[in-house]
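Asker: The structure is given below, and queries will be raised subsequently.
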Amino acid sequence: MKIIAITGMPGSGKKIIRQEIEKKGIPVFVMRHVVEDDLRAKGVEPTNTSLREYATKLRKEHGLDIVAKRSLEIVRKMGVHVVVLDGIRGDAEIHFLKSQPDIDFILIAAIASKETRFERLKQRGLEWDMKTKEEFEYREKKELGWGLGAAIELADYKIENEGTVEEFRKNIEKVLKKIL
């Protein structure tokens, strides 16, 4: 199985990469859904704070690769040959997935400055997005603590996203031509 994984800091453009791959008919699994589903099963509404706190607790209790392990279980049941795994949050997840002998693992990172990402997140307004600089810093610290910075460094392809969406899409397409 080929897994094309996506990583990047919040607001860097991961969703746009995912959408571009989806256009090619490749199924997607969003790793955050593992955490969201657990929270909902416990009767807790997924918010920026509840998602980060529960994900941190999961990783502390079961290892930094737990979300990747649980995601891979679900992906294997999908029975596909190629899949997009959206939401790699740490190098432990990468090492786990690369250790699987039946997986061809490719990692793409979206790259954007802190200032650009904060402005995007304020405008995006999803339920788990931060509204203040303090919330943004909280999320940055949590995700960097999971190894997100190391994961970005391990990416096979890094795509800068500081310009227009059209420019970013063109750069994504160049990478996809190499790997698909």
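Asker: Looking at the chain as a GNM with Cα springs under 10 Å, which of 26, 152, 111 has the largest mean-square fluctuation?
Answerer: Comparing 26, 152, 111 in the GNM, the peak value goes to 26.
Asker: Rounded, prolate or oblate, given the Cα gyration tensor of the range 106-180, with a/c below 1.5 counting as rounded?
Answerer: Cα axes put the range 106-180 in the oblate bin.
Asker: Further question: Based on the Cβ-Cβ distance from residue 102 to residue 19, what FRET efficiency comes out when R0 is 30 Å, to the nearest 0.05?
Answerer: 0.65
Asker: If the cut-off is a Cα-Cα distance under 12 Å, which aspartates and glutamates reach residue 170, setting aside same-chain residues fewer than 8 apart in sequence?
Answerer: 20, 160
Asker: Could you grab the relative contact order for the chain? Cα pairs under 8 Å, six or more apart, rounded to a whole percent.
Answerer: Taking the mean separation of contacting Cα pairs over the length of the chain, I get 36 percent.
Asker: If you don't mind, another one. Nearest 20 debye, what's the magnitude of the dipole of the chain about its Cα centre given +1 on Lys and Arg Cβ and -1 on Asp and Glu Cβ?
Answerer: 240 debye
Asker: If you don't mind, another one. Take the residue pairs 23/60; 15/98; 131/178; 131/177; 57/178 and return only those whose Cα atoms are more than 29 Å apart.
Answerer: Check vs 29 Å cut-off fails for 23/60; 131/178; 131/177; 57/178.
Just so you know, all these numbers are worked out from the coordinates, no wet-lab data involved. Treat the numbers as computed from the prediction; the structure is a model and nothing was measured. Note that each Cβ is placed from the backbone with ideal geometry, even for glycine, and that neighbours are counted across all protein chains shown.
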